[in-house]
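Peer 1: Quick one: the structure is below, questions incoming.
The values are calculated or read from the model by the stated rules, or taken from the named source; none is laboratory data. Given the structure is predicted, the values throughout are model-derived calculations rather than measurements. Quick reminder, even Gly has a Cβ in these numbers, built from the backbone with ideal geometry, and neighbours come from all protein chains shown.
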Amino acid sequence: MKAAAPWGYRRRDTRVQAAPVPRGGRWMRAVLWTQVVFAAPVAMLACKGITSLQQSNPDQLAASAVYLPGNAQLIVNSSRGDFECAYNEYIVSSGTFMDELAAAISNTINFDLDRRTLTSGENYGTSTCTDQQYAAVYTPLSVARATNDTAVGHLERWTDAQVPNRSALIGVASTYAGYSLVLLGEGMCTAAINLGPELTDAQIFAQAKSRFDTAVAAATRAGDTTTLRLALLGRARTELDLGNSSAAALDAGRIPPGFEVDIQHDPTQTRRQNLVFIQTQLNQYASVDTSIQNLFAATNDPRIAVTSTGQLGSDGHTMIVFPNKDATVTAPQAVAKYSEAQLIIAENDVNTGDLNGAIAIINTLQAANGQPAFNPAPATKANVMAEIVDQRRREFFLEGHRLGDIRRYGLPLAPATGAPYVNGGVYGNESCFPLPDVERINNPNVGGKSR
């Protein structure tokens, strides 16, 4: 008998949805530069008549009281929640940085993100999932990577007798550690892991692949097909980032039609609210970028459908337009889905000269969304690849892919570097998030303020 998914996946139509779990707990904390620590209960107080008094901090527990086999499910649920929180933040931060969202709040920090003029001391490096005005990148992803890796480390030391579903849990935590690393590699110029040296994106992707390798093996042992497919698609994405489209296509070919894993949101818990909705509708900090608005107006493609509120943001220039796919605080967000696998296969088809195979995949997606068939005359690698890039922009709109695609394909930045920015200054030339000062200052193996 195959083991059930250990964290309560629920099926609705063809999607696989993760049941809500706590986004970390008060008992779990990670320091900013990616080390997970548990503070000992030591607090010294001094006052008249008492020379010393040791008191416990009720908000923290020692690791020995938490990392127990009986807590394995809770540990993995919490670690997965850390990734979902980080992913939600990354969608907004990377979307604003590139050409999916535009800042609408009159705030210099938000302008720097939208204008691509970041400095290494800004909020993208230090903000957490509770900061809804300025979406974070480095801290939430680093925390998610660390807590999932830590969970795997303990699970690998425990036995099947202590944790009956141990392989399934290893598969889950390894998968989300892998996705955390993929996003770090796609979004950051460089990053560091466990107070280690500064790593390039290729080195980060290699780390991600090792996590997905572990996840595939563990999920296979457990008979957990959902996690297996999620890990396979994560590994395919990683292989594509590494330039190995043939290996990516092999993994992508194992993803069945209708596969999708979403994260679910909560209407009241800050860390679990759909941040795109919070930014574009509730607080009106951001709007859908005009390039997407224009593309939707020209094609009426439901994948990029938007609605105008008719209101200006506090910057006085930006009309608030929200994406229909994130129109509620609880709207789910896709982590991985069948169309991603298909477009990975299509890209490999182009690389291997099977242009007809790639065009067939493109036209299946077009037809499913009421779009006209793609019939290039003549078909060339260049124009078919350009169409794949366009399909990815539509299919993965506000799903955390665009920044990585711009970097991997070497796409021109839009608006162009030097173009006037509506809220002052000109657009910069940044295409990745600089390693933040908080890492450089606190990591002895990196050191030195970047800029």
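Peer 1: With the structure loaded, tell me whether residue 370 is touching a residue at least 40 places away in the same chain (Cβ under 8 Å), of a type outside the set (D, E, K, R) and at positive phi or whether it fails that test.
Peer 2: Yes: the conditions hold for residue 370.
Peer 1: Also, I was wondering about something else. Considering every residue within the range 262-282, establish whether at least one is under 21 Å from the mean Cα position of the chain (by Cα), surrounded by fewer than 18 Cβ atoms within 10 Å (Cβ to Cβ) and not polar (S, T, N, Q).
Peer 2: Checked against the condition, which is being under 21 Å from the mean Cα position of the chain (by Cα), surrounded by fewer than 18 Cβ atoms within 10 Å (Cβ to Cβ) and not polar (S, T, N, Q), the range 262-282 yields at least one hit.
Peer 1: Quick check on my filter: what residues within the range 55-110 are modelled with pLDDT of 95 or more, farther than 27 Å from residue 158 by Cβ, outside any loop (DSSP other than H, G, I, E, B) and of a type in the set (Val, Ile, Thr)?
Peer 2: Listed by number, the residues that qualify are 91, 92, 96.
Peer 1: Can I ask one more? Which residues, counting only those in the range 213-272, are aliphatic (A, V, I, L, M), touching a strand residue (DSSP E or B) at 6+ places or on another chain (Cβ under 7 Å) and farther than 18 Å from residue 152 by Cβ?
Peer 2: Passing the criteria: 233, 261, 263.
Peer 1: Still on this structure: Hey, can you tell me all the residues within the range 432-445 that are crowded, with 17+ Cβ neighbours inside 10 Å and either assigned to a loop (DSSP other than H, G, I, E, B) or acidic (Asp, Glu) (or both)?
Peer 2: Passing the criteria: 432, 434, 435, 436, 437, 439, 443.
Peer 1: Go through (1) without any contact (Cβ under 8 Å) to a residue 24 or more places away in the chain; (2) over 29 Å from residue 313 (Cβ atoms) and name the single condition residue 345 misses.
Peer 2: Here residue 345 clears every test but (1).
Peer 1: Also, I was wondering about something else. Surrounded by fewer than 21 Cβ atoms within 10 Å (Cβ to Cβ), in contact with a Leu (Cβ under 6 Å, 6 or more places away or on another chain) and in contact (Cβ under 8 Å) with a residue 40 or more places away in the chain: does that describe residue 190?
Peer 2: Yes, satisfied.
Peer 1: Please verify whether residue 321 is within 20 Å of the chain's Cα centre (by Cα), farther than 26 Å from residue 233 by Cβ and outside any helix (DSSP H, G or I), treating the condition exactly as stated.
Peer 2: In short, no.
Peer 1: Please enumerate the residues belonging to the range 350-367 that are free of Cβ contacts under 8 Å to residues at least 24 places away in the same chain and touching a Leu at 6+ places or on another chain (Cβ under 9 Å).
Peer 2: Scanning the range 350-367 gives a single hit, 361.
Peer 1: Which is under 27 Å from the mean Cα position of the chain (by Cα), of a type outside the set (Phe, Trp, Tyr) and assigned to a loop (DSSP other than H, G, I, E, B), of 404, 400, 418?
Peer 2: Sole residue among the options that is under 27 Å from the mean Cα position of the chain (by Cα), of a type outside the set (Phe, Trp, Tyr) and assigned to a loop (DSSP other than H, G, I, E, B): 400.
Here's the yes/no breakdown for (1) touching a helix residue (DSSP H, G or I) at 6+ places or on another chain (Cβ under 9 Å); (2) touching a residue at least 24 places away in the same chain (Cβ under 8 Å); (3) crowded, with 18+ Cβ neighbours inside 10 Å; (4) on the phi < 0 side of the Ramachandran plot:
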| site | (1), (2), (3), (4) |
| --- | --- |
| 384 | yes, yes, yes, yes |
| 391 | yes, yes, yes, yes |
| 402 | yes, yes, yes, yes |
| 408 | yes, yes, no, yes |
| 423 | yes, yes, yes, yes |
| 447 | yes, no, no, no |
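Peer 1: Select from the range 237-250 the residues that are touching a Phe, Trp or Tyr at 6+ places or on another chain (Cβ under 9 Å) and buried (at least 21 other Cβ atoms within 10 Å of the Cβ) and list them in ascending order.
Peer 2: Matches in the range 237-250: 237, 238, 239, 241.
Peer 1: Do you know which residues across the range 160-207 are within 22 Å of residue 441 (Cβ to Cβ) and β-branched (Val, Ile, Thr)?
Peer 2: 190, 193, 200, 204
Peer 1: Please work out which one of (1) among the hydroxyl-bearing types (Ser, Thr, Tyr); (2) over 19 Å from residue 239 (Cβ atoms); (3) over 19 Å from the mean Cα position of the chain (by Cα) is the condition residue 352 fails and give its number.
Peer 2: (2)
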